[in-house]
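Let me begin by presenting the structure, written as structure tokens, before commenting on it.
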Amino acid sequence: MSSPKVAIIIYTMYGHIATLAESIKIGLQSAGGTTAIYQIAETLPQEILMKLHAPPKPAYPIITPEELLLFDAFLFGIPTHYGNMPAQWRHFWDATGGLWAKGALSGKTAGMFFSTGVLGGGQETTAISSISTLVHHGLTYVPLGYGTAFAQLTDVTEVHGGACVSWSPSAWLTSAGYRGSPWGSGTFAGSDGLRQPSVLELEIARIQGKSFWQHLTRNTQHAVELVQNFDGLQILLM
């Protein structure tokens, strides 16, 4: 049985999601996997992007909804907009109606990672609301969880992304008292967009990539063993 084909698919305006995606790719490859990063199409006109001071897009190839069929699993990079996926991601998924009607994505696997401006920006709500889309397509959601990143996700020595929850009213001022999220890795851009993913956030992203690949290969191995056991049972019954 061949190795799972994995695509990291992102939308990024200021580069934060792209930076996380590169770390996720490194983590996945460190576990023996192969993957590539793709981006979905921009829906805003260039005039608006210039007014938003958005830098040029990264050089990742643009993926179409139909090309989802080429892969077995996905890691979706979703910047948060009002606690939900942005319009660019919504536009992409709204174009998958034909795939949905055929059940073409059913049985495939997906994980997610996020970026928000500030604390309370909605990383967890983006994960929860995005699961509805995955469910309609029959995609199996694989969260980061705590199993492989407990120490990093529970590190309260610095503020870090991944849908954080305050432990004290002064936590933001002290940059402590926050934890990451088992929903997926994440980062904060700051209200001005100048904050970049921290060393800790990038480490959590690498762990997510590694653990996601290990999950896929473990399930693939289980499938192989089931087939082998079934074949062996058939031989015994002959």
Query raised in the report: For residue 28, all conditions in the list (1) without any contact (Cβ under 8 Å) to a residue 24 or more places away in the chain; (2) in contact with a strand residue (DSSP E or B) (Cβ under 7 Å, 6 or more places away or on another chain) hold save one; what is the number of the exception?
Result: (1)
Report summary line: Scanning the stretch 57-86 for residues that are without any contact (Cβ under 8 Å) to a residue 40 or more places away in the chain and assigned to a loop (DSSP other than H, G, I, E, B) gives 59, 61, 64
Query raised in the report: Is it the case that residue 50 is under 21 Å from residue 23 (Cβ atoms) and outside any loop (DSSP other than H, G, I, E, B)?
Result: no
Query - Selection from the stretch 122-134 of residues that are open to solvent by 20 Å² or more (accessible area, probe 1.4 Å), more than 23 Å from residue 213 (Cβ to Cβ) and either over 14 Å from the mean Cα position of the chain (by Cα) or of a type in the set (Val, Ile, Thr) (or both) - result: 125, 128, 132
Requested in this report: Return only the number of the condition from (1) within 13 Å of the chain's Cα centre (by Cα); (2) crowded, with 21+ Cβ neighbours inside 10 Å that residue 40 does not satisfy.
Outcome: (1)
Report task. Residue by residue through the stretch 56-91, note down the ones that are buried (at least 21 other Cβ atoms within 10 Å of the Cβ) and either within 15 Å of residue 42 (Cα to Cα) or in contact with a Ser or Thr (Cβ under 7 Å, 6 or more places away or on another chain) (or both). Result -> 63, 73, 77, 78, 79, 80, 85, 89
Query raised in the report: Within the bounds of the stretch 146-157, is there any residue that is modelled with pLDDT of 60 or more, surrounded by 16 or more Cβ atoms within 10 Å (Cβ to Cβ) and closer than 30 Å to residue 53 by Cα?
Result: no
Query raised in the report: Based on what the data block shows, is residue 17 open to solvent by less than 50 Å² (accessible area, probe 1.4 Å), at pLDDT 95 or above, part of a helix (DSSP H, G or I) and at negative phi?
Result: yes
Query raised in the report: Mind checking whether some residue in the stretch 87-108 is assigned to a loop (DSSP other than H, G, I, E, B) and free of Cβ contacts under 8 Å to residues at least 12 places away in the same chain?
Result: no
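The values are calculated or read from the model by the stated rules, or taken from the named source; none is laboratory data. All values reported here derive from a predicted model rather than from experimental measurement. Glycine also receives a Cβ, built like all others from the backbone with ideal geometry; neighbour counts cover every protein chain displayed. To get the accessible areas, we keep the full protein, side chains included, count just its heavy atoms, and leave off ligands, DNA and RNA. Shrake-Rupley method; radii C 1.70, N 1.55, O 1.52, S 1.80 Å.
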